[in-house]
Amino acid sequence: MKVQLKRLRIAPQKVRLVADAIRGLSAQKALLQLSHMEKRSAAPMAKLLSSAIANAKHNLGLDPDNLTISEVYVGEGMTLKRWLPRAHGRATKLLKRTSHITLTLAEIEEGKGRTEPQQKKRMEEAAARTTRDAAASHEHGADAPKPDMAKVAHDTRNKSQGTAAAPKQQMFRRKSS
């Protein structure tokens with residue numbers, strides 16, 4: 001499972017310190033390590049790692065306890081160029097650097113704790129549903145008259161307005177004794 005975070009507004013040199021600290025750790029240990037770090041880049045890195053774990057679990061059916069960080073590297077993103085006023089009317093360049101983080105997860109033991117991906121289940125359920133709907137439409141026949149959609153929309157609008165107005169009338173009506 002490979003995930004990327006692009007254009008993080010922290011210099012790559014500073015982000016690499018955090019990346020080096022978690023490289024090679026299991027995913028759960030790395031999350032714990034990142035939660036106790038006081039570096040500013042630790043929070044985005046933890047968010048990226050938790051996203052990778054969730055993707056691996058949901059899309060591939062992998063066990064989160066069986067994942068390790070096989071690869072993490074930080075590249076330079078675009079650099080914002082600004083000017084800083086200095087003494088005697090001069091100006092110096094200010095380079096605001098950004099980072100691209102790439103993190104790759106791998107299984108510790110191949111196939112351990114694997115389940116069927118939820119995404120695959122949903123796709124199969126949707127395919128079964130469309131097949132059922134298609135079969136039902138064939139049973140009713142293609143020659144069956146279809147309702148006029150403008151009339152149906154008009155009828156539903158009148159029904160919804162009628163039900164909303166009825167309780168107000170009843171609320172203010174006095175009871176006759």
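The values are calculated or read from the model by the stated rules, or taken from the named source; none is laboratory data. Predicted, not measured: the structure shown is a model, and the values here were computed from it. Every residue, glycine as well, gets a Cβ built from its backbone with ideal geometry; the counts of neighbours run over all protein chains shown.
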Within segment 1-44, considering residues that are over 25 Å from L80 (Cβ atoms) and of a type in the set (S, T, Y), the one surrounded by the fewest Cβ atoms within 10 Å (Cβ to Cβ): S35
Residues (without any contact (Cβ under 8 Å) to a residue 40 or more places away in the chain and within 24 Å of the chain's Cα centre (by Cα)) located in segment 3-40: V18, Q28, K29, A30, L31, L32, Q33, L34, S35, R40
Conditions (1) in a strand (DSSP E or B); (2) over 15 Å from V18 (Cβ atoms); (3) of a type in the set (V, I, T): number failed by I53: (1)
Candidates L49, L80, L67, L60 - the one that is modelled with pLDDT under 95 and under 31 Å from the mean Cα position of the chain (by Cα): L60
